[in-house]
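The structure appears below as structure tokens.
The values are calculated or read from the model by the stated rules, or taken from the named source; none is laboratory data. In this text, all values refer to a predicted model and were calculated from it rather than measured experimentally. For neighbour counting, all protein chains shown are included, and Cβ atoms are generated from backbone atoms with ideal geometry for every residue, glycine included. When the accessible area is computed, the model is the full protein with side chains, heavy atoms only, and any ligands, DNA or RNA have been set aside. Shrake-Rupley method; radii C 1.70, N 1.55, O 1.52, S 1.80 Å.
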Amino acid sequence: MSNSKTFRGVNYHPYAPWLFLTPYIIIALTFFLYPLIYAGWLSFHQTDGPHSAVFVGLDNFKFIFSDPSFYKALKNTTIYAIASICIQLPLSLGLAILLNNSQSKLKNLFRLLIFSPNLVGQIFVGVLFSVIFTPRYGIFNIGIEKLIHWGLDTQWLSKPGLIMPALIIVSLWMYVGYNMIYFLAALQTVDKQLVEAAQIDGASPWQVFLHVTLPQIRPVAVFVVIMSTIGSYQLFELPFALLKSSFGVDQAGLTIVGYLYDNAFNSGDLGTGAAIGWILAFIIFVISIIQLRATNSPEDK
Amino acid sequence: MNTIHYVLIALFGAYFVMRFLIPTSVFPRKIKVSRAYLAAIFLILAAALVITPFVWLVCNVFKDQSVLMKYSFLPPISEWSSQTLNFTNFTKLFQGEESPQGTVYFWQYIINSIFLACAGTSISLFLTSLSGYALAKYKFKGRGFLIFFMAGSMMFPAMLFLAPLYQIIYKIHWMDSYLSLLIPNACAVFGIFLFRQAMQGVPNSLVEAARMDGASEFRIYWNVMMPLVRPMTGAYCLITFLGNWNNFLSPQLYIQTHAKLTLPVILNQYLGLYLNEYGVFLAGTLLAIIPPAILFFALQKEFVAGLTTGATKG
């Protein structure tokens, strides 16, 4: 049997693994590698729908970098990403700690309830919240009115200054539970003896968290921060459903992917779309590297 | 001052009374108990805030147009009747609409979505687990490179491929075909790695024993491996099902025939169509949330485990 391979003395056909991997290889070549190269080629061409392509050199990039809409999209997306990290992640961590310390039998139920919005796709959430934010009728406006006597008539989705806060509020509702699940999983691996030792030494809960818990959940925290950033920079469906394809008054809810969609599919210029795609990939790549560097622990250096 | 204020004052007031006014001699464990009490309040408030939109949604789809604006949730029980609470929104939703290809009923979109989510999940489950098995249990030249290639491919954001993929789908004549929705995402690297990791945990001796008994390589994968990684299978199915069910961009871009559209695309269109009849598209949204919710509550343990495997190990 010269045609067979052995693994610990048992024969098997050497092509077996390759045969199993064939579907992946075909799909990866056609729908990953080829489009990747094609995106590079396309970004130097101007197209009119999928029919024609004319070489334009760096014109697509020149156009993007001189387009005020691009900077608006970049600003909005960055605000959203910063809000995700600075508001949403601390809340997720806080809830995870509360759940982790709780001895209640309802713990599991709370975890499920807080996670549940994540089951609903961004489009459905957008449809739902476009009614929830309705002046006078929407439950969000009514709730705010009952609580602080303001906001019953606030038009969250048609005032430029309120569109980003509205998006951030919706994403908070959607993703706070999702990140909480990761923090909760990390907290469950924290060494309980270390925590108890610190408590016996008289450390306050805050000190225990800062010096015992946080260092141990760092790898997961870094992972969550980077994944949140990558996800935030690709925000599209939520503003698309909430604000329609115009992305709100004055494009106040335009995101980078929204800008990409608008150029590639509303204006029909796939070349510019591909160029924006590369710029987005570059931005995400650079930010991830910076975050990885910034969060490196002293021991790793 | 209204009910919300009174409830909040009562909840937090009880904490301050317990924590600061009751002397420790009377209640020695007061610090521990008051801390647990405060934690419980925050958790209950968080959970209440999170589920309010769902409760509101359920209440509103059954309300008649005449009382829609009058009450935020349900009308008081004394006013319950078929005039205030009924299925009008659903009847309107299911009455069918004209399209260039004839009348399309809402049922059609539900069936399309269910079909696509199930087919997409089955194909993806089969292909990713097969690839994961090849990478977990065989030693062959090029394996290291393949794993490196896959890990590298995960670095590129999906949105980079939006424009070139559109052109490719157009060129291979997959426009308006479900192939364009099912195939490009069928071999998610994330799934391959998930299965590889789970299958590496299965002892080699099991594979070898099956091989010595004369089982074919495919049989080993199908009859030995797959039953052993069932928890992972459940998690992966749910994650993929949700991804397919909620997929908006691909059908929005690739599908033109009205009768082939899926729920996310059509509900987004209804948003503009039924401007003042919120109840109608809210009813559609409620129906669109139910299937994933049922699956989730059936598989929630596996789901959470699958979601966090990659993050907490290593």
Self-check item: Exclusive hit being of a type in the set (A, V, I, L, M, F, W, C), in the same structural domain as B:PHE106 (by TED's automatic domain parsing), within 13 Å of the chain's Cα centre (by Cα) and at pLDDT 90 or above, set B:LEU282, B:LEU263, B:LEU242
Solution: B:LEU242
Quiz item: Residues A:ILE26, A:ILE82: which one is farther than 30 Å from A:PRO239 by Cα, open to solvent by 90 Å² or more (accessible area, probe 1.4 Å) and at pLDDT 95 or above?
Solution: A:ILE26
Quiz prompt | Scan of the stretch A:175-202 for residues that are facing chain B (nearest Cβ under 9 Å) and either open to solvent by less than 70 Å² (accessible area, probe 1.4 Å) or in a helix (DSSP H, G or I) (or both), ordered by number | solution = A:VAL176, A:GLY177, A:TYR178, A:ILE181, A:TYR182, A:LEU184, A:ALA185, A:ALA186
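For every residue, the table says whether it meets (1) assigned by TED's automatic domain parsing to the domain that holds A:HIS45; (2) of a type in the set (Ser, Thr, Tyr); (3) under 24 Å from A:GLN122 (Cα atoms); (4) open to solvent by 10 Å² or more (accessible area, probe 1.4 Å).
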{"residue": "A:SER246", "(1), (2), (3), (4)": "no, yes, yes, yes"}
{"residue": "A:GLN251", "(1), (2), (3), (4)": "no, no, yes, yes"}
{"residue": "A:ASP262", "(1), (2), (3), (4)": "no, no, yes, yes"}
{"residue": "A:PHE282", "(1), (2), (3), (4)": "no, no, no, yes"}
{"residue": "A:GLN291", "(1), (2), (3), (4)": "no, no, no, yes"}
Quiz item: In the stretch B:95-112, what count of residues is obtained for those that are of a type in the set (D, E, K, R) and either exposed (fewer than 12 other Cβ atoms within 10 Å of the Cβ) or within 9 Å of B:ALA259 (Cβ to Cβ) (or both)?
Solution: 1
Practice problem: Can you work out which of the residues in the stretch B:163-188 that are part of a helix (DSSP H, G or I) and open to solvent by less than 20 Å² (accessible area, probe 1.4 Å) is farthest from the other protein chains (Cβ to nearest Cβ)? | Solution: B:LEU181
Practice problem: Looking for whichever is touching a residue at least 12 places away in the same chain (Cβ under 8 Å) and closer than 23 Å to A:LEU33 by Cβ here; the options are B:SER99, B:SER153, B:SER113. Which one fits? | Solution: B:SER153
Quiz prompt | Elements of type helices (runs of 4 or more DSSP H) contained in the stretch A:15-128, each with 1 or more residues being over 26 Å from B:TYR37 (Cβ atoms) and within 9 Å of chain B (Cβ to nearest Cβ) | solution = A:16-28, A:34-42
Quiz prompt | Where a residue in the stretch A:157-169 is over 14 Å from A:SER130 (Cα atoms) and its partner, wherever it lies, is among the charged types (D, E, K, R) and open to solvent by 40 Å² or more (accessible area, probe 1.4 Å), with Cβ under 9 Å and at least six apart | solution = A:PRO160/A:ASP250
Exercise. Examine the stretch A:266-284 for a residue that is charged (D, E, K, R) and either in a helix (DSSP H, G or I) or within 19 Å of the chain's Cα centre (by Cα) (or both), and state whether such a residue exists.
Key: no
Practice problem: Tell me, yes or no, whether the stretch B:303-314 has at least one residue that is open to solvent by less than 20 Å² (accessible area, probe 1.4 Å), part of a helix (DSSP H, G or I), among the polar types (S, T, N, Q) and within 30 Å of B:LYS139 (Cα to Cα). | Solution: yes
Quiz item: Given B:LEU49, B:LEU8, B:LEU21, which one is of a type outside the set (Lys, Arg) and open to solvent by less than 60 Å² (accessible area, probe 1.4 Å)?
Solution: B:LEU8
Quiz item: Restricting the search to the stretch B:94-150, which residues are assigned to a helix (DSSP H, G or I) and polar (S, T, N, Q)?
Solution: B:GLN108, B:ASN112, B:SER113, B:THR121, B:SER122, B:SER124, B:THR128, B:SER129, B:SER131
Quiz item: For the stretch B:53-71, what are the residues that are surrounded by 15 or more Cβ atoms within 10 Å (Cβ to Cβ) and more than 17 Å from B:PHE90 (Cβ to Cβ)?
Solution: B:PRO53, B:PHE54, B:TRP56
Quiz item: Out of all the residues in the stretch B:234-254, is one or more open to solvent by 10 Å² or more (accessible area, probe 1.4 Å), farther than 23 Å from A:VAL125 by Cβ, in a helix (DSSP H, G or I) and not hydroxyl-bearing (Ser, Thr, Tyr)?
Solution: yes
Quiz item: Pairs under 9 Å by beta carbon, first residue assigned to a loop (DSSP other than H, G, I, E, B) in the stretch B:265-277, partner among the basic types (Lys, Arg), six or more apart or different chains?
Solution: B:TYR274/B:LYS92; B:GLU277/B:LYS92
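Yes or no, residue by residue, for (1) in the same structural domain as B:ILE9 (by TED's automatic domain parsing); (2) within 28 Å of A:ASP153 (Cβ to Cβ):
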residue	(1), (2)
B:LYS30	yes, no
B:SER34	yes, no
B:ALA39	yes, no
B:VAL50	yes, yes
B:PRO53	yes, yes
B:VAL58	yes, yes
B:GLN65	yes, yes
B:PRO75	yes, yes
B:THR91	no, no
Exercise. Would you check if A:SER245 is under 30 Å from A:LEU280 (Cα atoms), more than 9 Å from chain B (Cβ to nearest Cβ) and free of Cβ contacts under 8 Å to residues at least 24 places away in the same chain?
Key: yes
Quiz item: Could you list, in sequence order, the residues of the stretch A:43-67 that are at pLDDT below 95 and under 26 Å from the mean Cα position of the chain (by Cα)?
Solution: A:SER43
Quiz item: When you look at A:LEU270, is it facing chain B (nearest Cβ under 8 Å), crowded, with 22+ Cβ neighbours inside 10 Å and not charged (D, E, K, R), yes or no?
Solution: yes
